[in-house]
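Below is one structure, written out as structure tokens; comments come after it.
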Amino acid sequence: MNDWLDIRRGDAALIVAFPHTGTDLADVGDAFRSPWIARADADWWVDQLYAFARDLGATTIRTTISRSVIDVNRDPSGASLYPGQATTELCPTTDFDGEPLYAGAVPDAAEIDRRRANWFSPYHAALQAEIDRLRARHDRVVVYDAHSIRSIVPRLFDGALPQFNIGTNFGTTCSPDLTAEVARLCAASGMSHVVDGRFRGGWTTRHYGRPEQGVHAIQMELAMRGYLHEPAERTEANWPPPLDPAHAAPLTATLTAILKACLAFTRQEGRPS
């Protein structure tokens, strides 16, 4: 097993994936302009925020490799998931604010191929294996891709992001019934939410979501303000802020209800879709 890949198996028909919580710069750390800058856009503490998932019997899969080394939630071909909109690449060359990540040359095609083979492909082979394992036992499996981002990133979106950003690639990656129930729970929280807004699901959601085959994929992008105190201006001294469990309690309660709803959905009788 790769030491950078953390898989914790459960028997429930739910996989919670964490593609962006890693901070390991692997063997390319010296190429970056600054280790702090290279790590700053991680989905900070999201795996800890969802620690309760394992108590529900979910399988979790996490890479410790930083998204700045290679982003395992991007199309491996390099094609943009959001044509015409600002985004970051398979091997990002800038951070979310558009600032350069590298001190010198950016990764060339050969280096991107190496990173893809070393980290992207093993991550997705492991995720596919877990889907296959659970799909052999259950008529329906939910792949829940867990993310977070700063509440305000002007280069990527206008204004403050809703608290809950549900992604289903315009309804193609999971049952509309599941989407509706997740949206209902978000609305009931009293916090803001949107379905298929700025973030409608990355590579994981779009690639694995096959409702007609019994695999339902949904992405949840959280605004970080729901579980930590975001500073007005980020510095190396104040970023990332710690996870604040007390502040996060309302968010955690809703996320727990959402994962329980995913599990209830997998137990419903009828066709896989």
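The values are calculated or read from the model by the stated rules, or taken from the named source; none is laboratory data. Predicted model only: the values in this text are computed from it and were never measured. So basically every Cβ, Gly included, is an ideal-geometry build from the backbone, and we count neighbours across all protein chains shown. Side chains included, ligands, DNA and RNA excluded: accessible areas come from the protein's heavy atoms. Shrake-Rupley method; radii C 1.70, N 1.55, O 1.52, S 1.80 Å.
Let me check I've understood the local charge: for residue 61, count other residues with C-beta under 12 angstrom from its C-beta, Lys and Arg +1, Asp and Glu -1. What total comes out?
+1
Averaging the sequence gap over all C-alpha pairs within less than 8 Å and six or more residues apart, then dividing by the number of residues, gives the chain a relative contact order of 21 percent. Here the peptides 67-77, 92-102, 17-27 are ranked by packing, the mean other Cβ count within 10 Å, and the order with the highest first is 67-77, 17-27, 92-102.
Only protein atoms count toward the accessible area here, which uses a 1.4 Å probe; on the chain, the carbon and sulfur part of that area reaches 52 percent.
Lys and Arg at +1, Asp and Glu at -1: add these up for the other residues within a Cβ distance under 14 Å of residue 197 and post the number. Before the final figure, lay out each step's value.
Working: positive: 198, 200; negative: 158, 196, 221.
Residues close to residue 197 contribute a combined charge of -1.
Using bins of 10 Å that start at zero, the share of Cα-Cα pairs per bin across region 102-208 amounts to 12, 32, 32, 20, 5, 0, in whole %.
Leaving out ligands and nucleic acids, note down the accessible area per residue over the chain with a 1.4 angstrom probe, in whole Å².
Normalised by residue count, the accessible surface of the chain is 41 Å².
Packing, as the average of other Cβ atoms within 10 Å across residues, places the peptides 58-65, 207-214 in the order 58-65, 207-214, highest first.
Of the residues 192, 148, 66, the one that moves most in a GNM of the chain with alpha-carbon contacts below 10 Å is 192. Electrostatic tally near residue 124: other residues with Cβ closer than 14 Å to its Cβ, Lys and Arg +1, Asp and Glu -1, net 0.
Of the peptides 5-15, 195-205, the order by per-residue mean of other Cβ atoms within 10 Å, starting with the highest, comes out as 195-205, 5-15.
Considering only 174, 189, 148, the residue lying farthest towards the positive end of the dipole of region 119-273 is 174, judged by Cα position with unit charges set on Cβ. Of the DSSP H helices in the chain, those with a Cα length along their own long axis of 30 Å or more and a mean Kyte-Doolittle hydropathy reaching -1.0 comprise 245-266.
Normalised by the number of residues in region 1-69, the average gap of Cα pairs under 8 Å and 6 or more apart makes the relative contact order 58 percent. Helix-only arithmetic for the chain: the sum of -39500 (n - 2.57) across DSSP H runs with n ≥ 4, divided by the residue total, places the mean residue ellipticity at 222 nm at -8000 deg cm²/dmol.
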